There are 2 protein chains.
Amino acid sequence: MKSAVDRTPFHNRWISRNLSKKLSGEVRLLKRFAKALGVYGSDTRVQGFSGYLCELLIVRYGSFEALVREAAGWEPGKVFIDVQNHHKGKLPDGLKKKFEGQPMVVIDPVDRNRNVAAAFSPANFARFILACESFMKKPSIGFFFPAPRKADLNKIRKTMLSRGSKFIMVKFQRPDVIDDVLWPQLRRTAKRLKDIMLEYDFLVLDWAVHSDFSGVGEPAKGLSSYIMLELGVWKLPRIRKVTGPPVFIRPRAAEFRKKYQKLGKVWVEDDRLVAEVKREWLDAVEKLRDSLSDPLKDLKAKGIASHVAESVARGFRLVEDDAILRSCSKDSNLALFMSEYLERSAV
Amino acid sequence: MKSAVDRTPFHNRWISRNLSKKLSGEVRLLKRFAKALGVYGSDTRVQGFSGYLCELLIVRYGSFEALVREAAGWEPGKVFIDVQNHHKGKLPDGLKKKFEGQPMVVIDPVDRNRNVAAAFSPANFARFILACESFMKKPSIGFFFPAPRKADLNKIRKTMLSRGSKFIMVKFQRPDVIDDVLWPQLRRTAKRLKDIMLEYDFLVLDWAVHSDFSGVGEPAKGLSSYIMLELGVWKLPRIRKVTGPPVFIRPRAAEFRKKYQKLGKVWVEDDRLVAEVKREWLDAVEKLRDSLSDPLKDLKAKGIASHVAESVARGFRLVEDDAILRSCSKDSNLALFMSEYLERSAV
């Protein structure tokens, strides 16, 4: 197997042989369409189209419009493109397994064992399909040149307030790793924190991640990464009701009584045991702080991605609501991140 | 079929023939046990043992202890007692259907078509079984003479505060009907109000109902009935997230987009559409007031029991938290109700 750098000259040669001047214009259209949609880039932050993938798709379909018409009907796991016909229309089982979970398969003309679209996330695939559908129904210039995103602090403030929710950011030193390692770890950690909050009955509306960028080879020192949670419920009553088994499933009922009579009250509702126990965590921020204050080993054990865990173990800050706004006023990248989160593009 | 009043002399005659002096003592034990457990009374408020049922059970098992030993192993729908052997060990299909959902069947010796235990609620049946189990394991005088319930206003206040929840009472004029009609309607309405709250994402921890009593033939004028809800979540953020179908189930996805694009934002998460829309009701009390302020026809249509609906349509008050405490200080029955709700006996 070749590395990305090894492959580049082969790609270039294949493309220069197969892509006419006319088709190059179509490629530019596709790239612009993908960029406007926010799915241009095959790195782990964007998880979308590489330039090479755009080129291959145009070679395959002959024009931007033909591609878009096809793509509007695509389904995940059912797209198989093999312009060099390496596999005679049928993937070998080994590759099928290797490509499992990747929403589309585009065989690299110069490497029959590689899926050029491997980086595509299911969400971006779905987003692209929907955009193609919408474009076919009603094409417009907006698909290529969307309104420019600008962070308007006043608008951010108003939108945050109007939602009646609570924003919490976990801020920590950017782990000293490349972007391609960092972004998946930030996402994995955010999902895990969301699950921990839900486990304790705090409703998480959504999450997003952000990081200061570091130049290639530059140290991460002084840079920060952020995991943001937006909460719908962040204060809870002291008591918690637990529904137990039916009274008449004797062994389970006995177990339930034994466990909960120590912790609180147990009684019968309809034909079920129910228990009322004291809730340990009434405040989402306190629970979050507690969860992140564990030693490194425990952070990793509870599913915080390793590089994030190492950084968080060295220290973190929780930035809430107004404090987020103050940070945005000093950090235009952070403001842009918040603005994009709040103004997420409709499909 | 005879009425209850018609049957009484037959019951008395049957009991006087079949219940010895010695057995009468056992009946008194059973009645006291049931009373202490709060399941003595076959009216719709208590939904438990009638005196006649206690007598029949003692006739069948010969002693309080023998009954309790048996009952510890009872299962709902599997208890069939027919002391006069009217049905030769097997219920006819017609009666099986008639008694469906009643946790135990005790055939009336003087009326083969009647279940003396028909009034028993599944919860009371379960409670009785559990109490028998506990008694067999560790008998004590407390099963017959529980600590007397007294309403201690200070304790009520402290317990209410310590729960960190919100109490709301719907107070309205007592409908002018007998207790046996009133109590099921109060319960049915409470369950319906709980469901309405849950539909709007307000978490209801529990509910209970209470009413001023009216003497036989006395008018309900000046008396009140109460439906209480205890809420765990009563304020919500302005936005609500709706999870839609996978993008690739085209007709359903199209429907979802059409519906929610009018109401708010729609985007893709993983392979699903999600929508963010404005929430209509952010405050449980406001929603409750709105739901109960509908005209009579609508109240009934949404499942408020008819006599309760008629009274509520004429007017109601919502009494919250501190105001409940103030009411308790003026109304000892209400205080006792709150005290019993807060101190529910463990099983």
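Readers should treat all values here as calculations from the given coordinates under stated rules, not as data from a laboratory. Remember, it's a predicted structure, so these values are computed and weren't measured experimentally. Here Cβ is always computed from backbone atoms with ideal geometry, including for glycine, and neighbour counts include all displayed protein chains.
What fraction of the DSSP beta bridges in chain B is antiparallel, stated in percent and rounded to the nearest 5?
The answer is about 90 percent antiparallel.
Across chain B, Cα-Cα pairs farther apart than 36 Å form 39% of the total.
Across the copies of the chain, B:Arg314 has label points (7 Å from Cα along Cα→Cβ) spaced 7.4 nm apart, shortest distance listed first. Each principal axis of the Cα cloud of segment B:49-133 was evaluated for its coordinate range; sorted largest first, these ranges are 33, 25, 21 Å.
State the dimensionless ratio Rg/Rh of segment A:1-93 (Rg: radius of gyration of Cα atoms; Rh: Kirkwood radius). Here Rg/Rh amounts to 0.96.
This model, with +1 at the C-beta of Lys and Arg and -1 at the C-beta of Asp and Glu, gives the protein assembly as shown a dipole about its Cα centre of some 480 debye. Placing a label point 7 Å from the Cα of B:Arg317 along the Cα-to-Cβ direction, the residues of segment B:159-178 whose backbone N falls under 13 Å of that point are B:169-174.
What angle do you read, to the nearest 10 degrees and between 0 and 90, between the alpha-carbon axis of helix A:21-37 and the longest principal axis of chain A? Helix A:21-37 and the main axis of chain A meet at about 10 degrees. In sequence order, segment B:254-266 has phi-based couplings of 5, 4, 4, 4, 4, 5, 8, 5, 6, 8, x, 9, 10 Hz under the Karplus curve 6.51 cos²θ - 1.76 cosθ + 1.60, θ = phi - 60°, and Gly or Pro positions carry x.
Annotation for segment B:180-216 versus segment A:55-70: alpha-carbon center distance of 63 Å. For A:Val204, the residues whose amide H sits under 5 Å from its own are A:Gly232, ignoring neighbours fewer than 5 places away on the same chain, with H placed 1.01 Å from N. If you take the Cα centroid of segment A:79-144 and the Cα centroid of segment B:71-116, the two points sit 67 Å apart. The C-alpha atoms of chain A define a longest principal axis, and helix A:179-199 lies at about 30 degrees to it.
When A:Gln84 is represented by a point 7 angstrom out along its Cα-to-C-beta vector, the spacings to that point in the other copies are 9.4 nm, nearest first. Note on the protein assembly as shown: semi-axes of the ellipsoid equivalent to its C-alpha gyration tensor, largest first and rounded to whole Å, are 65, 29, 26. Residues whose amide H lies under 5 Å from that of A:Asp43, counting only those 5 or more places away or on a different chain, are A:Gly48; hydrogens are built 1.01 Å from N in the peptide plane.
Loop-resident trypsin sites (Lys or Arg not before Pro) (DSSP state other than H, G, I, E or B) in segment A:1-83 with no more than 14 further Cβ atoms inside 10 Å of their Cβ: A:Lys2, A:Lys78.
Shown is the FRET efficiency for B:Thr159 and A:Asp290, computed with R0 = 22 Å from the Cβ-Cβ distance and rounded to the nearest 0.05: 0.20. Under the combined filter of DSSP loop state and at most 10 neighbouring Cβ atoms within 10 Å, segment B:164-247 retains these trypsin sites (Lys or Arg not before Pro): B:Lys221.
Of all residues in chain A, the one whose Cβ lies closest to the rotation axis carrying A onto B, together with that distance in whole Å, is A:Val233, 3.
Where only DSSP H runs of four or more residues are counted, chain B gives -14500 deg cm²/dmol as its mean residue ellipticity at 222 nm, each run worth -39500 (n - 2.57).
In terms of modelled amide H atoms, which long-range or inter-chain residues lie less than 5 Å from the amide H of A:Ile239? Those lying under 5 Å, H to H, from A:Ile239 are A:Arg279.
Sorted from nearest, the other copies put their B:Ile141 label points 9.5 nm away, the label point being 7 Å from Cα in the direction of Cβ.
In whole Å, what is the distance between the alpha-carbon centres of segment B:260-302 and segment B:308-337? Value for the Cα centre distance between the two parts: 28 Å.
Looking at chain A as a GNM with Cα springs under 10 Å, which of A:Asp93, A:Asp179, A:Asp108 has the largest mean-square fluctuation? With Cα springs under 10 Å in chain A, the top fluctuation among A:Asp93, A:Asp179, A:Asp108 is at A:Asp93. Using θ = phi - 60° in the Karplus curve 6.51 cos²θ - 1.76 cosθ + 1.60, the 3J(HN,Hα) couplings for segment B:141-156 round to 5, x, 5, 9, 10, x, 3, x, 7, 10, 8, 9, 4, 5, 5, 4 Hz; x is entered for Gly and Pro. Taking other Cβ atoms within 10 Å as a rough exposure proxy, B:Ser306, B:Ser140, B:Ser42 sort from fewest to most as B:Ser140, B:Ser306, B:Ser42.
Go through segment B:1-72 and name the GluC sites (Glu not before Pro) that are in a DSSP coil and have 15 or fewer other Cβ atoms within 10 Å of their Cβ. Counting only loop positions with at most 15 other Cβ atoms within 10 Å, none of the GluC sites (Glu not before Pro) in segment B:1-72 qualifies.
For segment A:239-278, the spherically averaged projection of the C-alpha convex hull amounts to 2.3 nm². Backbone phi angles across segment B:91-102, fed through the Karplus curve with coefficients 6.51, -1.76 and 1.60 (θ = phi - 60°), yield HN-Hα couplings of 5, x, 4, x, 6, 3, 5, 4, 8, 4, x, 7 Hz in residue order; Gly and Pro are listed as x.
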